[in-house]
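A short write-up of the structure that comes next.
The values are calculated or read from the model by the stated rules, or taken from the named source; none is laboratory data. None of the values given here were measured: they were computed from a predicted structure. Side chains are part of the model used for accessible areas, which takes the heavy atoms of the whole protein and leaves out ligands, DNA and RNA. Shrake-Rupley method; radii C 1.70, N 1.55, O 1.52, S 1.80 Å.
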Amino acid sequence: MKDQRWQDWFTCAAGFVVFFLPSINISFSGGAMLGDTITWALWIVGSVIVVIALAALANPRRWEEWAELVLGVLLMILPFALGFHDQVALAWTAIGTGAIVAVLSLWALVSDSHNLPHH
């Protein structure tokens, strides 16, 4: 593992938060279950964020940061695209976590632009 960036550690943690959001939401919403589509979307996006962040920790590349940026923006859009924007705690957690992932990936891209391989 060469040149690990702190941003990738935080991005990995954010991915775990996203993955566990459906479970955490049960306590926020008094036990109400999320729809299958929302649950699966959060599991998939969270898992992909974790995998890409771990890959970036092992061998950082520019594509990983760009992928994390796209996933962060996708996460900010999900509450509106999947219709759970009215579940305030869940929606704001998704939006906030997506913003964190996007900002961290941009930060890594800008700060390491001369060190990251392009492929």
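Largest first, the residues Ile24, Ile49 sort by 1.4 Å accessible area into Ile24, Ile49. Taking all protein chains together and a 1.4 Å probe, the residues Ser105, Ser47 rank Ser47, Ser105 from largest to smallest accessible area. Per-residue extension of 0.36 nm, minus the Cα-Cα distance of Phe80 and Leu54, leaves a gain of 6.5 nm for this segment.
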